[in-house]
1. Filter the range 285-311 for residues that are at pLDDT 90 or above and open to solvent by 30 Å² or more (accessible area, probe 1.4 Å) and give the result.
2. Please specify each residue of the range 192-214 satisfying the condition of being assigned to a loop (DSSP other than H, G, I, E, B) and either at pLDDT below 95 or closer than 28 Å to Arg126 by Cα (or both).
3. Is it the case that Pro84 is open to solvent by 20 Å² or more (accessible area, probe 1.4 Å) and assigned by TED's automatic domain parsing to the domain that holds Glu161?
4. Name every residue in the range 7-34 that is of a type outside the set (S, T, N, Q), touching a helix residue (DSSP H, G or I) at 6+ places or on another chain (Cβ under 9 Å) and over 22 Å from Leu70 (Cβ atoms), in order of residue number.
5. May I ask you to list pairs of residues, at least six apart or on different chains, whose Cβ atoms are under 8 Å apart, with the first in the range 110-136 being closer than 13 Å to Pro222 by Cβ and the second being open to solvent by 50 Å² or more (accessible area, probe 1.4 Å)?
6. For a quick check of your reading of the model, give me the residue pairs whose first member lies in the range 92-107 and is open to solvent by 40 Å² or more (accessible area, probe 1.4 Å), whose second is of a type in the set (S, T, N, Q), with beta-carbon atoms closer than 6 Å and at least 6 apart or on different chains.
7. Just checking, does the range 250-268 include any residue being within 21 Å of Val34 (Cα to Cα), open to solvent by 70 Å² or more (accessible area, probe 1.4 Å) and modelled with pLDDT of 95 or more?
8. With respect to Ser62, is the statement that it is under 16 Å from Thr154 (Cα atoms), open to solvent by 10 Å² or more (accessible area, probe 1.4 Å) and assigned by TED's automatic domain parsing to the domain that holds Asp238 true?
Amino acid sequence: MKCKRCKETAVVSLPSHHTGFCADCFLLFFTRQVERGIKERKLFTHDDRILVALSGGKDSLSLMLELSRLGYDVTGLHIDLAIPGSSPAARGVVERFCEKHGLNLIVKEMGAEGLAIPDVKARLNRPVCSACGKIKRYFFNKTALDEKFTVLATGHNLDDEIARLFSNTLRWDVAYLSDQGPDLAADGGFARKVKPLWRLSEFETANYAFLMGIEHHYAPCPYSGGASFTFYKKLWTDLEEEMPGRKLDFYQGFLERGRPVFARADNEDGVDLSGCTRCGYPTSNEVCGVCRIRDALRDKPVGADGAEEAK
């Protein structure tokens, strides 16, 4: 196969775009897809202070590097979950990456916050993935607001978004479907959130990371076995192989025609949020989910989970 742009030998084949690229032209393609995603959804400008959530995986590190190369004002945020083996490795990758590229980094240690994930897992009578996600989102939002960042960016790619959309559609979860997308406006104590890689697949981001020589943490979380999103991604990968381009078409169709409908329904019937009486975080209950987890770790009664912290 020849590169579509320069006619040299292609090294990356992209059936969803009916094309292939050499290394240099693929990197240009990647940049243009990021720029297009930012422009189409008006995610941010060069005047914004952007906080990028860095897990240590290929997607978040690729996003951080590409935004910095495009001249945006970016700072990384890593949440150290205090998981033996996994967390030190992920943190090390993030710290080396930021040092190599001269990028600012903020680290929040959950052990110091009294929220080490092994302790949370040992105490709660439900899968820890939900609680872990809740804690990470809490500190993403809190850090963005406390440090006066105007945008919080995450490395979710097209495959991540499709799997989430599929899951929410199977449950017809109006609250989640009403605001799912690459952009979520700041509102009621929530920072503005964006996903600049929404037009790019996991395969495309992996190729970018490889060609740019990005060291990344690839070992799965020891607590994530049986996660449904992995199964949903496989379903959509199989569909994409039979019908190239279907993932992006489906996602864009939802953003244009589906999300507005669910947003109107949620505005009519949605739950109003107010500040947690202890920390001020937006919640539909008197006490937010993270404060209830803190209570559980102190052997206090645990309240029911609220759905609002998933935003």
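1. Within the range 285-311, Asn285, Glu286, Arg294, Leu297 qualify.
2. Listed by number, the list is empty, since nothing qualifies.
3. For Pro84, the condition - open to solvent by 20 Å² or more (accessible area, probe 1.4 Å) and assigned by TED's automatic domain parsing to the domain that holds Glu161 - is met.
4. Glu8, Ala10, Val11, Pro15, Gly20 - these are the residues of the range 7-34 that are of a type outside the set (S, T, N, Q), touching a helix residue (DSSP H, G or I) at 6+ places or on another chain (Cβ under 9 Å) and over 22 Å from Leu70 (Cβ atoms).
5. Listed pairs, sorted by first residue: Ile117/Tyr223; Pro118/Pro84; Lys121/Tyr223; Val128/Lys121; Val128/Tyr223; Cys129/Tyr223; Cys132/Tyr223.
6. Asn104/Thr75
7. Yes - at least one qualifying residue is present in the range 250-268.
8. Considered against the rule, which asks whether it is under 16 Å from Thr154 (Cα atoms), open to solvent by 10 Å² or more (accessible area, probe 1.4 Å) and assigned by TED's automatic domain parsing to the domain that holds Asp238, Ser62 comes out as no.
The values are calculated or read from the model by the stated rules, or taken from the named source; none is laboratory data. Keep in mind that what you see is a predicted model, and the values were worked out from it rather than measured. Cβ: placed from backbone, ideal geometry, glycine included. Neighbour counts: every protein chain shown. Side chains are part of the model used for accessible areas, which takes the heavy atoms of the whole protein and leaves out ligands, DNA and RNA. Shrake-Rupley method; radii C 1.70, N 1.55, O 1.52, S 1.80 Å.
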